[in-house]
Structure formats: structure tokens, C-alpha cells
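Visitor: Have a look at this one before I ask anything.
The values are calculated or read from the model by the stated rules, or taken from the named source; none is laboratory data. Since the structure is predicted, the reported quantities are computational estimates derived from the model, not experimental observations. All Cβ positions, glycine included, derive from the backbone under ideal geometry; neighbour counts span all protein chains shown.
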């Protein structure tokens, strides 16, 4: 049963005045790119338990990046069951969902998957997106939907599948993302929240419904798509799912939102001028507005959090995945040694990077290992070291990789500030924030103080907070806005920041110069091709 409300600690450092006279507990599930993460959160602020379950991402040289939807659903059930088994039957007030955006699964008439889950990282629709992006139709579509024209978005993905796999496309009757597929299994209903929908590229922000022009380009009609629901709506879980997880009959599922918008909520970055910066497999910087915002140069996205909150910013492909590449390819000796001694290989990389001065002695790395989203939105982009000399060692290269990820995010910040608003505060979350070296380097590259909230799993926490709001435990999401001085603070070093200020314009210049080279490289045959 719900627990009596005693002393009310802060939720992630934020005092919360509850309307309810009991403590509510929510099971938040976040479907990520490499793992499903779960969190039990109490409405008085306590994180009661956390767990995760990993799965594979199938990537091939032709740009394919897919996952098994059944493996992700199974992981979500395992995570929820592990969390809920620690509580008494009926003690969980609701399950709330978060998910990586832009995934696509085609279903047949019986709602069975015809395709794997085609993730945001899939680049096979690059040629379709390339042509659409450079057209007046593409720019108009972006301005209506807020989703930049890119292979991650559904108009390009669906048009590609229609052209390249016509037999499969003819069998399809529905198009969903991984969160909609999990909701179907949990509740038996085919629905989509407006946040995930707004990241498909088929959703018109102004009318809060499907966009006819984008649908026509994709070659489908609205009958293919789930019923649209608010992110705060809830649906009762079916009997089978409740029994499988160990929940009371008809436990509600708060539909939830995309992981990006929920990350802002989890970090407390929901006030005007406050940005959330996250680095996981990919990375992003986002801020919240009361109305939709788009960029004349199509550098930023605009997605829904709730009916009166829109999250604008940019996601980059090269986040933690770039450092993982550096660990696996540049520091194999250090990785093997760390693993043999039961130590963290990333800590060893950090120590190597810390031995090099800011700026890596003129070496730069552009982290486009799998194309790029913001600010380039160019799937053909390729990673590169610029400035490499005989005097550079692997320590320089590792530090340059770390700096490159952060300088690329700085370009996203610059786009937001040039088009939308000045950012007065940045709250940084994600596993990287546990590293002293990353924290200091981030403050130095951005040249401003960076705040670090206590909880780093911000999307799952955001899903829990959205559920508390949906359940009426708080009157407004504003009650979760992070206050000054609540998070840890890292100040920039003046000398290092001056070095990065000189590097920023050079870093920004390189991709524009190399754009035709990127495209020419993308035209070369892949391994096993012709």
C-alpha cells in the first residue's frame, strides 16, 4: 500500500510540495539505444532502486543500424519485474515510459513486426534525405514539423523502404516506434504520445496532428499511424503484463515521452534559458520553450514535452561512442591492463588525456564516426583528425577525441543562442559527468560554469516526474525546475578556455570545407560492394 508521507526530502535536490497525503511510487522505464534502464522513484524524492538490461545494435557497412524489437520488449519486462519485486503487491502507483526517438517498425495487419526496429543511427535513407533537404519542400516540411530532414526521420525512412523493399512495404499496415510497440504489448492498444510523434517528422507542431504533406512524401496515410495521445495520458496495463511484472491488476501506464525531452525534465532544465546537456552513446544539448521554435538554417530540432512545453536543441551522433572507439582502437593496451586488474578502462583513458595540455597541441578531432546530426545534419560526414604531426602521440589523440565531442556540442549551443535565446545555465547529465576530467574539460570548452545534478539517469527520472504530474502529485512541472546552487558546479579554467576560444572557429570551418569530400567518400563502394 502507499506509504504515509513523513519528512519530504528534495527530488533530485528540488523541494516538492505534494498534493497527495501519501507517498507514490512510480516504476520508470527508459528504452535506450544500447540498454533499457529502470528506476523506482518515490514522490518524496527518493530513488529507491535502479537497474538495466543491455541488448545488441546491429550495424553494417551499408548504414544499417537495427535492433530486435522483441529483445527490447523482453528487456523492459525484465527490468520492470526486477524493480517491482522489491515492493509489496499494489505498491507501484504507475509505470511510466521513456524511449530513444526516431525508431521505426513496420507491422502487418495482425500487428506483427515486418522489420526490425530501425534506429535513429540507420543511414540507408541518406540519398532520399539529401535530396529532400535541399528542396523547398524539405525546408517547408521542417518548419511545420520541427524535425530536421535526415535519414533518422520517418519521411526519408519510409520513402526509402517504399522504393527499395516494395514487397515488404505492400504488406505493411502500420508504422510504429519501439515505445509504441512496447505499449501495444503492455496494454493491447496502438497509441503514440505526442512527444515521440513529434520526432518522426510526420507530426505538425501547429495543429498537434499528423502532417499531410509529410505523409504524402512518405507514401502513407494517417491510418498507418497510432492514435495520438498526450504525454500525460495513461492506459491500464493488461492482465498478462501485470502478472508478468508482478503488479496489481490494471496498473496504469503513463504513456510518457521521448528520452530527450524527458532528460530536460529529469535534469530540472525546464525554465527559460536553462539547457540540459547529456552525453550517452550519442549526445545532445536542449532547452525548453513555451511555443515551437525552428531554425532558418535547420540546425536545431523542436519536439513536444507537453502541450505547453517544447524542447529545442540538437543531438549529435558522436558522444560516448567516440570515446569507446578511442578506447578500443587507440588504447588497447590500457584497456587490457585495466580489465586484467578489474579497473575502469575509461579512467585510464582519462589519465592519458589529462597528461596533455588543453588543445592537444593543435590536434583536432571531428567525431563524425557514424555521420552527423546536429549541427550538420549530414549522414555522409566522416570523422577526421586535423593537425596531426610527428610530435603527437596517442595521448594527444585521445584528448582530441574528448575535446572534439565537446566542441561539436558547443556548436549546437551556438546555434541555439544565435536563433532562439541566450542560455544562462547548463545542467550536464549522463555517465560522463562522473569523470573529473570530462567535467573540467566541458566547463573549459564552453567557457562557462557547468552544473551537475546528483542523478545522472535523467530520462528515467524525467519519466517518473512526468508520471507524478499526471497522477496529480504535483501541480506543475515547474516544481521540478532546478534552483541555483542545488547541483555541483565546475568553473572554467581561464587559460584553457582562452585556448578553446581560438580553436572554435577553426573547428567550425573544417566540416564546411570537407563537405564535398565527405560526399565523395560516401560514394565509394563499401566492403563487399561493387
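Visitor: Name every residue in segment 451-464 that is closer than 20 Å to residue 27 by Cα, in contact with a strand residue (DSSP E or B) (Cβ under 7 Å, 6 or more places away or on another chain) and touching a residue at least 40 places away in the same chain (Cβ under 8 Å), in order of residue number.
Guide: 455, 457, 458, 459, 460, 461, 462, 463, 464
Visitor: Looking at (1) without any contact (Cβ under 8 Å) to a residue 60 or more places away in the chain; (2) assigned to a strand (DSSP E or B); (3) within 22 Å of the chain's Cα centre (by Cα), which is the only condition residue 285 fails?
Guide: So the condition that residue 285 fails would be (1).
Each row is one residue, and each column tells you yes or no for (1) at pLDDT 95 or above; (2) buried (at least 19 other Cβ atoms within 10 Å of the Cβ); (3) closer than 19 Å to residue 182 by Cβ.
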site	(1), (2), (3)
231	yes, yes, yes
240	yes, no, yes
254	yes, yes, yes
301	yes, yes, no
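Visitor: Got a sec? Which of 144, 124 is surrounded by fewer than 24 Cβ atoms within 10 Å (Cβ to Cβ) and either in a strand (DSSP E or B) or in contact with a strand residue (DSSP E or B) (Cβ under 6 Å, 6 or more places away or on another chain) (or both)?
Guide: Only one candidate passes the filter, namely 144.
Visitor: Filter segment 273-288 down to the residues that are closer than 17 Å to residue 462 by Cβ and either out of contact with any helix residue (DSSP H, G or I) (no Cβ under 9 Å at 6 or more places or on another chain) or in the same structural domain as residue 32 (by TED's automatic domain parsing) (or both) and list them by number.
Guide: Matches in segment 273-288: none.
Visitor: Across segment 29-53, which residue is surrounded by the fewest Cβ atoms within 10 Å (Cβ to Cβ) among those that are within 16 Å of the chain's Cα centre (by Cα) and under 18 Å from residue 453 (Cβ atoms)?
Guide: Among residues in segment 29-53 that are within 16 Å of the chain's Cα centre (by Cα) and under 18 Å from residue 453 (Cβ atoms), the one surrounded by the fewest Cβ atoms within 10 Å (Cβ to Cβ) is 37.
Visitor: Further question: Based on this model, can you work out whether residue 382 counts as free of Cβ contacts under 8 Å to residues at least 60 places away in the same chain and either part of a helix (DSSP H, G or I) or surrounded by fewer than 24 Cβ atoms within 10 Å (Cβ to Cβ) (or both)?
Guide: Details: free of Cβ contacts under 8 Å to residues at least 60 places away in the same chain: no; either part of a helix (DSSP H, G or I) or surrounded by fewer than 24 Cβ atoms within 10 Å (Cβ to Cβ) (or both): yes.
Criteria not met by residue 382.
Visitor: Additional query: Do we find that residue 175 is touching a strand residue (DSSP E or B) at 6+ places or on another chain (Cβ under 9 Å), buried (at least 22 other Cβ atoms within 10 Å of the Cβ), in the same structural domain as residue 205 (by TED's automatic domain parsing) and outside any loop (DSSP other than H, G, I, E, B) in this structure? Steps first, please.
Guide: On the way: touching a strand residue (DSSP E or B) at 6+ places or on another chain (Cβ under 9 Å): yes; buried (at least 22 other Cβ atoms within 10 Å of the Cβ): yes; in the same structural domain as residue 205 (by TED's automatic domain parsing): yes; outside any loop (DSSP other than H, G, I, E, B): yes.
Against the criterion (touching a strand residue (DSSP E or B) at 6+ places or on another chain (Cβ under 9 Å), buried (at least 22 other Cβ atoms within 10 Å of the Cβ), in the same structural domain as residue 205 (by TED's automatic domain parsing) and outside any loop (DSSP other than H, G, I, E, B)), residue 175 qualifies.
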